[in-house]
1. Only Cα pairs under 8 Å and at least 6 apart count here; give the relative contact order of region 205-334 as a rounded whole percent.
2. May I ask for the distance between the Cα centers of region 65-114 and region 172-209, given as a whole number of Å?
3. In nm, what is the difference between 0.36 nm times the number of residues separating Leu154 and Arg386 and their Cα-Cα distance?
4. How much accessible area per residue does region 1-46 have, counting only protein heavy atoms and a probe of 1.4 Å, in square angstrom?
5. Measure nothing fancy, just the Cα-based angle from helix 273-291's long axis to the longest principal axis of the chain, in degrees from 0 to 90, nearest 10.
6. Each residue of region 371-382 in turn: what ³J(HN,Hα) in whole Hz from Karplus with 6.51, -1.76, 1.60 and θ = phi - 60°, glycine and Pro shown as x?
7. Excluding ligands, DNA and RNA, what is the solvent-accessible area per residue of region 146-197 at a probe of 1.4 Å, expressed in Å²?
8. Taking R0 as 41 Å, what's the FRET efficiency between His24 and Asn316 from their Cβ-Cβ distance, rounded to 0.05?
Amino acid sequence: MNVDWEERWNVERLRAYRDGRARHALAASDLGAVLLFDFNNIRYVTSTHIGEWARDKMTRYALLTRGGDPHIWDFGSAAKHHRLNCPWLRQENIHAGMVGMRGAIAPDAGLFRSAAREIRDILKAEGVADMPLGIDVMEPPMLAALMDEGITVLDCQQVMLDAREVKSLDEIILLNTAAAMVDGAYQLISEQLKPGVRESELVANVTKFLFDLGSEHVDNINAVSGERCSPHPHVFSDRIIRPGDQAFFDIIHTFIGYKTCYYRSFAVSRASDGQRDAYKKARQWIDASIELMRPGNTTDQIARVWPKAEEFGFANEMEAFGLQFGHSVGLFLHERPIISRLNSLEHPVELKEGMVIALETYCPSKDGLSAARIEEEVVITADGPRVITLFPADDLFVANAY
């Protein structure tokens, strides 16, 4: 989706921005380097990617030291492929690596030990061996191997979240493109959402639609209808859609690494007064939070405009977590800040220009079965909030009305 005759997103500028943000966050910390196993952090620092199949195997890792260039250890032949196709990385910093595939190769095979020694030697060569090493996520045997080499290990998740907090122009373009793809997916749903269709069939059709448009990965599609709406189960089923159902969907997919989180609610063929009333409340709550998406405001202000858990049928804020909710989106689905009454009232975070935040509200209907779910992704700009999720949501959408 790039051309030579218009300025769109710029890959060199994207890489340079992410590199600069990561280095600045590292320099502002007490760490000498970060060792990254999380795929999204690896991509942020190295701009490498080998597919979702590897995400749960803990085989890939990257290292960034103060003043050094990124190192990547990748699965088998992927390292050779990177040397051929990733000229922004130093050839000698691209390594084949393997530490056990989450225990499938036992620790006594020595792979953790040899990896820790290789990392120790790089830390010494790049002058940061006397400083703590930051880790995002890790297998316990890798942690033990690093400690055996005399390396002090600390958490670096906050460092990487600092880096990724504010999005560049190119990141916002990619997030906007990803959202545009979901706009089209909701058009498809609005046409196909009718009695006799299963939730799972809609999920399958939307998955194909997104891949046809160029999605890199369809992470998750929630499809929830009828009596499954309240309480919210957060998963699709094989339920058959019926006349008068309320149905809501959350479409999470990835385009060039950047994700969506995008709910919409529908009524099927007809809507009851209770369904419309619930939708109006959910819309009022989300509109009030969108209005506060401005630089300098704080997340406790947003959380306060949402109802308390007890006001919509839950015992406490932990039980209701994720229903009246906000979170930044980027390479991660849930980045900083996380906004809810559970955490934000006592630990507020300041909003900044360039943050992209998904806001979600939920309201059960008085019928005890239906519920409304709305989500909007908002770019915080100096001129105010800019919504990039554009499928109509001002009023409850009745699909295939009788």
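1. Once normalised by length, the contact order is 19 percent.
2. Cα centroid to Cα centroid, the span is 37 Å.
3. This chain segment gains 79.8 nm when fully extended.
4. Each residue of region 1-46 exposes 48 Å² on average to a 1.4 Å probe.
5. For helix 273-291, the angle is close to 40 degrees.
6. 6, 9, 9, 10, 9, 10, 9, 10, 8, 8, 10, 5
7. Averaged over the residues of region 146-197, the accessible area is 37 Å².
8. Given R0 = 41 Å and the Cβ-Cβ separation, E is 0.60.
The values are calculated or read from the model by the stated rules, or taken from the named source; none is laboratory data. Keep in mind that this is a model prediction, so the values were computed, not measured. Cβ sites come from the backbone with ideal geometry, for glycine too, and all protein chains shown count toward neighbours. Keep in mind that these areas ignore ligands, DNA and RNA; they rest on the heavy atoms of the full protein, side chains included. Shrake-Rupley method; radii C 1.70, N 1.55, O 1.52, S 1.80 Å.
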